[in-house]
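The values are calculated or read from the model by the stated rules, or taken from the named source; none is laboratory data. Note that this is a predicted model, so its numbers are computed, not measured. Note that each Cβ is placed from the backbone with ideal geometry, even for glycine, and that neighbours are counted across all protein chains shown. Surface accessibility is based on the protein's heavy atoms, side chains included, excluding ligands, DNA and RNA. Shrake-Rupley method; radii C 1.70, N 1.55, O 1.52, S 1.80 Å.
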Amino acid sequence: MKIYLAIIFIAIGIMCQKLSAQEKPETLIDFSSIKTIGIYVSPEYQLGQLSGGFTNFASGSIMITINKRIAFGGTFLRSISENYSPTNVSPLLVRSEFIGGKIEYTINPDNLIHFSFPVVAGVSRVSLDSANLEDDMWDYNDHYFKNRSLKQNNLLILQAGANAEVNLIKYAKFYIGTNYRYSTIIGNDVKVLENNINQGLSFSVGIKLGLFDFSI
């Protein structure tokens, strides 16, 4: 009897050893591969195309990083030239606002100079406003600015780019880059603007400030 029990215990031990020696199952998300996380904010200036011409944009992002290579978060973009009126819409003024999600992949982030590739997707609102001050005078009867935001549409935006980055200090990176933005009007509203009004090339310069390599 004792021999049988000993054989059973030995067999159980061998089985447990084999099971523990097996590789862990593959999963879609492997959290054990995450070594560092981080967070940073990124103010940015862009010179970009809007309705066929180039104008000034202010942008900002807040991002979470994984292993210093992959980042994801949110971003916004807004044209800041109040009197921008390209030839094809003159004398109207063009304004643009954007909000969306952003992902970015960085190659060799520990090198002094390295490259990152951001992709942005979201929704933009472009409006054409009257440039005539008389049209914008306050109407005391109806309590609104006459002819304000004459034409307005929402557009779906997809933007991809490439940046060259420099590690200034442990907590700051400087970068310059270029992007191309694609746009198309969405929604059921009357299409009063062109699909490509917010489409085109842009050049950016910015800085990333934050903690990039918090070890977990």
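Which one of ASN179, ASN163, ASN196, ASN167 is in contact with a Phe, Trp or Tyr (Cβ under 9 Å, 6 or more places away or on another chain), among the polar types (S, T, N, Q) and open to solvent by 60 Å² or more (accessible area, probe 1.4 Å)? First the steps, then the outcome.
On the way: ASN179 fails: open to solvent by 60 Å² or more (accessible area, probe 1.4 Å); ASN163 fails: open to solvent by 60 Å² or more (accessible area, probe 1.4 Å); ASN167 fails: open to solvent by 60 Å² or more (accessible area, probe 1.4 Å).
Only one candidate qualifies: ASN196.
A count restricted to region 52-69 and to residues that are closer than 21 Å to ILE34 by Cβ, of a type in the set (A, V, I, L, M, F, W, C) and open to solvent by 30 Å² or more (accessible area, probe 1.4 Å) stands at 3. For first residues located in region 183-208 and of a type in the set (A, V, I, L, M, F, W, C), partners that are part of a loop (DSSP other than H, G, I, E, B) and at pLDDT below 95 and lie 6+ apart or on another chain with Cβ distances below 8 Å form the pairs ILE185/LYS191; ILE185/LEU193; ILE185/ASN195; ILE197/SER51.
Does ILE34 meet the test of being at pLDDT below 95, over 20 Å from GLN152 (Cα atoms) and open to solvent by 90 Å² or more (accessible area, probe 1.4 Å)? For ILE34, the condition - at pLDDT below 95, over 20 Å from GLN152 (Cα atoms) and open to solvent by 90 Å² or more (accessible area, probe 1.4 Å) - is not met.
Name the residues in region 75-107 that are under 17 Å from the mean Cα position of the chain (by Cα), open to solvent by 60 Å² or more (accessible area, probe 1.4 Å) and either modelled with pLDDT under 90 or under 19 Å from ASN153 (Cα atoms) (or both), would you? Walk me through it before giving the result.
Taking region 75-107 and keeping what is under 17 Å from the mean Cα position of the chain (by Cα), we get 75-79, 96-106.
Keeping just the survivors that are open to solvent by 60 Å² or more (accessible area, probe 1.4 Å) gives 76, 78, 97, 99, 103, 105.
If the condition is that a residue be under 17 Å from the mean Cα position of the chain (by Cα), open to solvent by 60 Å² or more (accessible area, probe 1.4 Å) and either modelled with pLDDT under 90 or under 19 Å from ASN153 (Cα atoms) (or both), then PHE76, ARG78, GLU97, ILE99 are the ones that fit.
Somewhere in region 203-215, is a residue hydroxyl-bearing (Ser, Thr, Tyr), touching a strand residue (DSSP E or B) at 6+ places or on another chain (Cβ under 9 Å) and at pLDDT below 90? Within region 203-215 (the criterion being hydroxyl-bearing (Ser, Thr, Tyr), touching a strand residue (DSSP E or B) at 6+ places or on another chain (Cβ under 9 Å) and at pLDDT below 90), the answer is yes, since at least one residue qualifies. What about PHE117, is it in a strand (DSSP E or B), among the aromatic types (Phe, Trp, Tyr) and either touching a Pro at 6+ places or on another chain (Cβ under 7 Å) or closer than 24 Å to ASN195 by Cα (or both)? No: the conditions fail for PHE117. The lone criterion from (1) more than 19 Å from SER204 (Cβ to Cβ); (2) open to solvent by 20 Å² or more (accessible area, probe 1.4 Å); (3) touching a residue at least 24 places away in the same chain (Cβ under 8 Å) left unmet by PHE72 is number (1).
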